[in-house]
Amino acid sequence: MAVSSRSAVVAVTDAGAGEDADRARLHQMGYKQELKRGLSVVSNFAFSFSIISVLTGVTSTYNTGLRYGGPASMTLGWLVVAAFNACVALSMAEICSAYPTSGGLYYWSAKLAGNKWASLASWVTGWFNIVGQWATATSVDFSLAQLIQVIILLATGGTNGGGYVASKYVVLAIYGFILILHGLINSLPIHWLSWFGQLGAFWNAAGVLVLVILIPSVAKERSSADFIFTHLNTDNGMGIHNKAYILGVGLLMSNYCMIGYDTSAHMTEETKNADRSGPIGIVTSVVLSNIFGWIYLVTLTSVVTDIPYLLSADNDAGGYAIAQALHTIFNQRYGSGVGGLVCLGVIAVAMFLCGVASITSNSRMGYAFSRDGAMPYSHLWHRVTKHEVPLNIVWLSVLVAFAMALTSLGSQVAFQAMVSIATLGLYISYALPIFFRVTTARKSFVRGPFHLGRYGVIIGWAAVLWVVFITVLFSLPVAYPVGKDVFNYTPVAVGGVLLLSVGSWVFHARFWFKGPIVNVDTY
């Protein structure tokens with residue numbers, strides 16, 4: 001059994017006097033130190049900042065934001081999402097400080113849900129989180145493969161100039177090659193992997209700064225401030241005319257851009273001073289991503305002058321709005337779109353580094369989840385190499401992500417249904433432990449060094465209600481009339497995860513899964 005009482009926390013303080021405090025705290029939670037603690041607070045932050053990657057999120061979902069509401073839904077909607085997302089991040093950081101373990105959210109749910117519901121809460125939270133993470137890796141790397149295809153298309157003349165249009169099989173092959181590279185990088189020892197995390201953070205910050213200076217200076221035509229902040233695009237071609245509805249659906253872009261900061265929690269067993277560094281990594285990555293993302297978004301929108309053209313499949317970029325916008329402004333200024341391709345290359349590198357961090361995060365979550373026996377063949381997935389790397393789960397993450405993308409061969413709609421849980425799946429897993437924190441464990445919660453004081457419950461409720469709101473919002477139809485080609489499969493995908501996790505619990509897991517287990521004899 002695991003220890004979670006107030007007295008145990010006091011006891012570990014004394015026990016840790018003669019040994020490493022992080023190791024002692026981990027032992028108190030019931031786990032041996034198997035991964036190498038080689039990450040500083042900066043490295044921990046870097047992984048989350050790299051996986052949030054506003055260059056990746058904004059670029060890959062800009063078409064959605066432009067179609068549903070346009071400039072107003074993106075620039076002002078971003079601020080709304082940022083405020084509520086900060087509540088989610090702060091609440092998660094507070095819990096992370098109390099329980100700094102790689103299991104993260106599912107471990108927190110087990111400790112906060114109460115004895116009666118602990119194992120079920122842990123099981124459902126864990127499966128939502130790991131499936132959401134697999135879907136995130138899938139969406140990031142597949143978006144990169146699509147961007148590479150668009151870069152090749154523009155470099156060879158564009159849609160209207162005889163440019164090369166890759167088939168869905170070629171795009172899938174590019175995607176598979178990217179995944180293999182990410183698997184190889186994640187097979188490296190943590191001190192090398194830490195370097196990629198820090199490079200990702202630097203590249204995203206520097207890339208945004210370069211682009212926000214370069215893009216407006218190159219553009220001959222720029223949108224007015226009134227257009228950027230107040231123009232509502234209702235001509236979406238999807239049969240939706242209610243302005244509030246359009247604005248709501250447009251929030252999907254901003255929400256997708258901000259997922260992934262649970263990475264800091266999953267890396268805590270490899271982080272020094274984890275009960276402080278983990279929470280700091282969560283909060284700072286979200287705050288800085290909100291700032292950098294909004295500046296990048298406003299800059300891109302400043303060169304949007306013809307929304308229907310940017311979204312048209314007949315433009316040179318085949319309907320990829322950002323690629324077409326960048327290609328156009330450089331063509332108008334210099335008579336060549338090469339500069340636009342360079343900008344897209346900068347974004348592609350950011351996507352690649354985001355994909356590296358995605359595999360890192362879900363492999364650590366998979367390692368922890370299998371350590372507690374929750375995954376099929378768990379004994380295989382939590383093994384670590386002599387370099388203290390969970391190699392088997394790294395490559396399982398790669399294989400699952402590739403399998404998820406195979407749905408794209410059937411139809412793009414099916415693929416979008418698969419990756420829709422990348423957003424809601426993760427947000428639901430974020431909200432569950434927070435919900436238990438403000439209800440079941442409201443009075444018994446033992447705070448760590450980072451805490452919200454008397455505001456913890458209020459901020460926690462704001463976070464939970466926000467996730468409930470977006471879960472309902474993003475399950476609504478995105479086009480009318482509703483048909484199989486435009487059906488919103490998000491509730492089907494999310495409901496499927498819920499049904500499978502609860503169903504497997506009722507018929508199988510409840511007989512043997514008791515939540516996080518102890519793998520040390522003394523602590």
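Tabulated data
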| quantity | calculated |
| --- | --- |
| Among [x] 136; [y] 148; [z] 239, the entry that matches volume of the Cα convex hull per residue in Å³ as calculated here | [x] |
| Amide H within-cut-off set for Gly69, under 5 Å, with H built and near neighbours excluded | Asn233 |
| Table column - 3J(HN,Hα) (Hz), the range 250-267, Karplus curve with 6.51, -1.76, 1.60, x for Gly and Pro | x, 5, 4, 4, 5, 5, 4, 5, 9, 7, x, 6, 5, 3, 4, 5, 5, 9 |
| Carbon and sulfur %, accessible surface of the range 299-338 computed with the full protein complex present, 1.4 Å | 51 |
| Those trypsin sites (Lys or Arg not before Pro) in the range 59-131 that DSSP places in a loop and that have at most 11 other beta carbons within 10 Å | Lys116 |
| Estimated vicinal HN-Hα couplings, Hz - the range 277-289 in sequence order (Karplus 6.51, -1.76, 1.60; Gly, Pro = x) | 5, x, x, 4, x, 5, 5, 5, 5, 6, 4, 5, 5 |
| Principal-axis tilt of helix 391-405 within the chain, Cα atoms, nearest 10 degrees | 40 |
| Surface share of carbon and sulfur [accessible, 1.4 angstrom probe, percent] for the range 134-291 | 68 |
| Degrees separating the helix 71-98 axis from the principal Cα axis of the chain, which is the longest one | 10 |
| Cleavage-rule hits (trypsin sites (Lys or Arg not before Pro)) in the range 415-465: DSSP loop, at most 12 neighbouring Cβ within 10 angstrom | Lys443 |
| For the range 94-190: relative contact order, % (alpha-carbon pairs under 8 angstrom, 6 or more apart) | 16 |
| Loop sites in the range 145-182: chymotrypsin sites (Phe, Trp or Tyr not before Pro), DSSP, at most 14 other Cβ within 10 Å | Tyr164 |
| Angle between the chain longest axis and helix 456-473 axis [Cα atoms, degrees, rounded to 10] | 50 |
| 1.4 Å probe accessible area per residue over the range 284-360, in Å² | 31 |
| Residue order for Glu94, Glu34 - accessible surface, 1.4 angstrom probe, largest first | Glu34, Glu94 |
| Prolate/oblate/rounded label for the range 158-239 (Cα gyration tensor, a/c 1.5) | oblate |
| Cut-off under 5 Å, modelled amide H: who pairs with Thr271 long-range | Leu39 |
| Size of charge dipole - the chain - debye, nearest 20, with Cβ of Lys, Arg +1 and Asp, Glu -1, no other charges | 1020 |
| Contact order normalised by residue count of the range 149-302, Cα under 8 Å, 6+ apart, percent | 21 |
| The chain, helix-only ellipticity at 222 nm - DSSP H runs n ≥ 4, -39,500 (n - 2.57), divided by all residues, nearest 500 | -22500 deg cm²/dmol |
| Relative contact order computed over the chain (Cα-Cα under 8 Å; 6+ residues apart), in percent | 32 |
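The values are calculated or read from the model by the stated rules, or taken from the named source; none is laboratory data. As the structure is a prediction and not an experimental result, all values here were calculated from the model. Reconstructed Cβ throughout: ideal geometry from the backbone, glycine too, with neighbour counts over all protein chains shown. In case anyone asks, the SASA skips ligands and DNA or RNA and just uses the protein heavy atoms, side chains included. Shrake-Rupley method; radii C 1.70, N 1.55, O 1.52, S 1.80 Å.
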